[in-house]
Each structure stands twice: as structure tokens, then as C-alpha cells.
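What follows is one structure encoded as C-alpha cells, with my remarks underneath.
The values are calculated or read from the model by the stated rules, or taken from the named source; none is laboratory data. Note that the structure is a prediction, hence the values are computed from the model and not measured. Cβ: placed from backbone, ideal geometry, glycine included. Neighbour counts: every protein chain shown.
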Amino acid sequence: MVTNIATSTELSSLMNKSLGDSDVCIAILDGPVDQSHPCFDGANLSRLPTLVSDVASSGLMSGHGTHIASIIFGQKDSPVSGIAPQCRGLIVPVFSDNQRGKLSQIDLARAINQAVEAGAHVINISGGQLSQSGDADPILAEAVRFCNNQGVLIIAAAGNDACECLHVPAALPSVLAVGAMNAQGLPVDSSNWGKIYQYQGILAPGKNILGAKPGGGVVLRSGTSFATPIVSGIVALLLSIQLARGEKPNPHAIREAILKTVLPCNPEIVEDCRRFLAGTLNISGAYTLITKGGLAQVSDPKSEEVVIQPSQVEDFTPEETIPINEIQQLEPSEPIAPSSEQVSFYSPGIQAAEVTNSESSMTTNIQHSENPMSVTSNNLATSSNVTPSSDCGCNGGTVASSVTPSNAPMSLVYALGTLGYDFATEARRDSFKQLMPMNWSDNGLPIDTPKDSADAIAVPANPYDARQMARYLERNISEAVSLIWTLNLELTPIYAIKPQAPFALEVYRYFQEFLAGQVLDTEDEGYIERVSIPAVLTGETVTLYSGQVVPVIAPLNTRGMYGWKVNELIDSVIAAIENQESGNTISPEKIEIIKYSLRNFLMRIYYDLRNLGQTSMERAQNFAATNIFQYADALVQALSNQSNQGNNSQAVTMQLDGFGVERSPFCRKDSDCWDVKIKFFDPENNERAKRVLRYTIDVSDIMPVTLGQPRIWDVAN
């Protein structure tokens, strides 16, 4: 039985009230979309430049993306009549036909941020990754929180693993999860369920859903992947109706209305009601509640985890293509009752939720690049751990050999991480090995002692040894241009860094110094723990040797580049304390307390704030973390267990409680100002008031700047 959603009685009634509004924007984070398909003739669609530069083809990811886009944006009286044909659409390719749909959670977060900044109200993600706890990589979790804070709703597939299991991002707070049901209103066998979904998940039609096929024609597919855009389209119509009523569009209020009006499972009829999630979609109930008004925005602040796969389900029979000349003979489907099978997308870490008429699920793994990389052309969104669920042949991507800029406009980045490097090709790596001199080691550590030293041992050149590379570049800095430099979070590259003329050589010298500092002993005064890079996104991408694709950022000069020399920073704070204590020497015991407090502070700052440095809020957070020590005196006062009024025996024992950033109500014209609030608590006294350090940052320029002086006060615990 074909589920032609446009013929549903409830949906037809809603579409009689609105076919959408061009001021309502839905972003489709999926595979490439064949916008030349007849169903999109007249649709208001824009493709954002992403790390997936594929042109829509006959590949699985293109088929997945085209089908999903047509469910929402298919034009009236075309081969596929979509739900919200007059809304604006953003096509954000994240699954690649050439990469088997691989997408990392970090890359998904990047695409989410991009969609929000492009004006999306709703983000459709028909994919995900299995997560035992429902947690996600902190960067993805932060991107989802960013959506919630910006009033943007993510609608994501619950997954097609046929188990009590969770997918991210569907299981993350503030997301609306979608499972699939058949024409009889029963959950399809492959649709996932789980405790979190009972509070933020619904069932929608997902069996034999009619949609467009690349190259023309239509096809039936099943799975949570195809139930998800049905819900996204209905949310878009409800937003359009809010606009028509003179109200401000409120996606999270609509989410709440949908969850409050679901049709619950009847335990007297159904054996296992857990599989119904919170209940089945009730379009008329949500419409009635929305038009009555008075709904508050839903927000569930909670945490998340690390890998995502596209969730797609396919039957084990070949997909069914329906000739366009037979489309008028299709019978209307029963009332909206989803049906689906399971489709998963291949990608390192993220799966897509889809069912086509041939069931196969894909797995995804996060890849870390420690090998040579090669450069390819691409755009600003990334994919590397999300994959559609079915074998699309995407895992065997080829490596290109040149960088090609996209037409994407430049945007600012202020990112924190560790500096890494790689080689464009194996030949490039081997050329370094031949050019780098023999090393001489004592106890296994490279040193600069003469080779005729008594304990000297010959060590062959190893271009992967950062100590050897740092020493080689110190004497041959022009060779730095032959490396591909990366900014990493732990072992995962998030950007490739490509300095621009006329200051490229100076930037490369900084890179060499940072690299040399990173390989020092952690107790060494010059040890560099992290680096801060202010830059612009160029629109280029680089494909690493492992196959991971990352965007290229360009530092325009050395201004603002900073190495976190932790030991020097601590010494500066100790000097500030000695200055406050009239030059008195601090006891060794007290110095240890200070070092512990500050190291703990820096670790919390870095790990709590892991992000891509892409949004203005993230740039403010990262700049605040980098430059907190410019306020050494204020930091000492904030960390002190006592105020310094008339007391010269301070003990720095306060610990970091929280680090928040919110848009400042006061700002200069044409600026982008954020108030940073850092809270500290006394770990030895739970009843003691918390201390707040606040200052303001303007991130409108490539190099952020602090405004005014910091303020410190105590607040009730």
C-alpha cells in the first residue's frame, strides 16, 4: 500500500489552511538533492556549501536526500506533492555518495551551526548514531543547545535498529525524535524505542512513503528517515499559520504542542506500548493547541554523546520505482499512520534513518587522522561519522590532490586546540624523510649533542616525530608550507590551517614554536598545552589521508595567535599574589595550592568549552578562556578564599563552578558583544557564597577584544 501523505484527511485539512510561508525555513541535513527533479520546479531551495561537494547522482545518499526533500518541498500538482511547498528550504549536504555517507558528530555539529546561522527555523536530520546512554560528543551537544537557545527545532530520526536503543541527535534534549508507523498506526518492526523517546518522541507515517528519485520518477521508501520529514513539514505549516495569525514563529512551542497532543498507546490492545514512544502524531490536536496560544517554549537542558549514523531502513526487496505516468492511479493512504523499515547511513559515527524497499543498515565509525592527508575541494559543512542506513558504497571515497575554494562567504573562527600536521601525499611524506637529517638520541630521546658523544645512538629521520619535525623546521622554516597544518581536538582534526600572504612566513614561524612547545615536558616553563587561532573560513576543504574532510581556515596574520604556556601563566598569577602581599615570598605549600587551583581551572575551561569556535558565542567563550590571565589580579581575587580587604594571607582555593556566555544588552554600534560570567565555589564550604567574575567581549572582528574592566561580586549559593 502506497502512503501518499498529501492525501491524508488530517494533513489535507491542515494544508487547506496553509501551504507554507517563504519566511519559514527548513534545513535538510542529508544527502545531495536533485533539484532538477520536476517536483521541485518552483520550489524555493538554496544549497549551502558544505564539506560534501557531490552533485546529486544515482547514489544512495542522493536518493535519500532527494526523497526526503521532496516530502517537504514537492510542489503542488507535481509528481510528488510535498507538505510545505511554499516554505523556504536549505539543502545542507552532509552525507556523500562518494564517502558512503560517513559523517562525524563534530561535522554534524558544524552543519547544524551553519544551518542556524543561515536562518533555519527547523532542521531535519534523517540520521543518527547509536548511543547506549543517549549522550553525544560535547561539540554536538553544544550545537544542539545552541539551536535550543536560538529557538531552532531539530527533528531527528529515532533510528531503525529494531531495538530498545537510542540514536543521537534524536535522544538529545530539546530535539523532537520521530519513529515510524505503518498504515494501521502500529510501529514498524524496525523503528527504535527507548525511555528518552517516551518523553520526546512520536510516531509518524514511515511505511512505503512516496518521494522523488534522482533523475526523475518516484519511489517508495520506508523507515524513520522518511517519517521525520513528514513531521518537519507539519511543523513548518504550523509555523506558517502562526505567522499568518500575526504571531512570532515559535518552533519549540509547536514541539510542545505536538508532544502534548499525541494519541497515546492503549495498553489493553497493544502488548508493548514502549514502542509507541510518547504516542502517535495528532495533527488536528496540535493545530488546535497552537491556535489557542499560551504555550511555553520547551527546554530540557541535558547532556549528550559522540557518534551519529544516518538512520535508514530498507526492505529486503528491490526498491520500487513508480513511473510518473502511473502516479495518478495511486490510491490514497489511510489516515496518517507511519510505517517504516530501517535505513542507516554509512558514516564514521552517524547513521541516517531511512527505509527503502530493500532493507540494509549501515554502520559508522569515527576516524582520526594521523596519516598523510590530501587536499580536495569542498565547502563549509562537514561529514565524517553520519551515514545513511543502507549500503550506498560511500566508504570508498577517493582522495583528490588539489584545494579548490568554494563560493561560500568567509566567516570568522576563533578556535582552541592542539596543533598538528600531515602530508598531502605519501610522496611528500617520503621527501621529508629524505631531507630530514639523521638524529642522535640519548636514552631514546632526540638531543642536539654531537654524534660522537659516548651515549649517542643513531635514530633514523621520522617525519611523524613532532620533536624531529620541530627541530627540522626551526632550521628550514620554508619547508612548513609543504605540510598541511591542522587544529585538533584531542586526536580529531577539526580544521586545516592555511596561512595567507603577506604574513604567511611569520605565521609558520609561530606554528613551529607552538609545535616545539607542545612536545616539551609538562613541567617545562615553555610547555604549550593549547593554542588559540583567530582566522576566517576560506570555503576550501582538505581531505586527510584517512578520508576525513575538514574545512580550511586562514589566519590573516599572527595577531591573536596564542600558545597556552600553562606554567608561565601560573607564574604570572603567583607574581600578582606576591604583588598584592607587598612582595612577600609565598610558601611552597601555598604555591602548590595555587598551582592546583589554576590547573584545575584551565582543564575545566578547556574540556567544558570544547567547541568549533564557529558561532559568535563560541568565539566569545574561547577568547574569554584564552585571555582570562590578562586579568591576573581579578582572577586572583575571584579564586581567593578570602577577600583581600585588609587581609594579606589569601589562599587561592576557590574552584571553577561554571563558565557562561550571554549576549550583552549593551554594545557599540555594529559590534557583537557578549558578557562572560565565570562562577567559582569553595570546595571546602558548600554554604559559602559563590563568586562571579564578569567582563564583556566584542567578537565582531577576526580578533575579539575585551571591553571595560572585569567586575567581581558574590552571589547566594
- Task: Within the range 38-45, identify whether any single residue is under 25 Å from Q105 (Cβ atoms) and in contact (Cβ under 8 Å) with a residue 12 or more places away in the chain, and answer yes or no.
- Result: no
- Message: Which count do you get for residues in the range 437-466 that are touching a helix residue (DSSP H, G or I) at 6+ places or on another chain (Cβ under 9 Å), part of a loop (DSSP other than H, G, I, E, B) and at pLDDT 90 or above?
- Response: 3
- Are any residues in the range 507-565 of a type in the set (S, T, N, Q) and assigned to a loop (DSSP other than H, G, I, E, B), and if so, which ones? T522, S546, Q548, N557, T558
- Message: Just checking, does the range 211-226 include any residue being of a type in the set (D, E, K, R) and within 17 Å of D161 (Cβ to Cβ)?
- Response: no
- V235 is checked against (1) of a type in the set (A, V, I, L, M, F, W, C); (2) on the phi < 0 side of the Ramachandran plot; (3) part of a loop (DSSP other than H, G, I, E, B) and fails just one. What number does that condition carry? (3)
- Scan the strands (runs of 3 or more DSSP E) fully inside the range 606-717 and keep the ones with 1 or more residues being at pLDDT below 90, over 28 Å from the mean Cα position of the chain (by Cα) and buried (at least 18 other Cβ atoms within 10 Å of the Cβ). 673-681, 690-698, 705-715
- Hey, could you check the range 67-78 for residues that are of a type outside the set (S, T, N, Q) and at pLDDT 95 or above and say which is surrounded by the fewest Cβ atoms within 10 Å (Cβ to Cβ)? I72
- Task: Scan the range 77-86 and give yes if some residue there is outside any loop (DSSP other than H, G, I, E, B) and closer than 24 Å to A227 by Cβ, otherwise no.
- Result: no
- Evaluate the range 221-228: report whether one residue or more is surrounded by fewer than 24 Cβ atoms within 10 Å (Cβ to Cβ) and in a loop (DSSP other than H, G, I, E, B). no
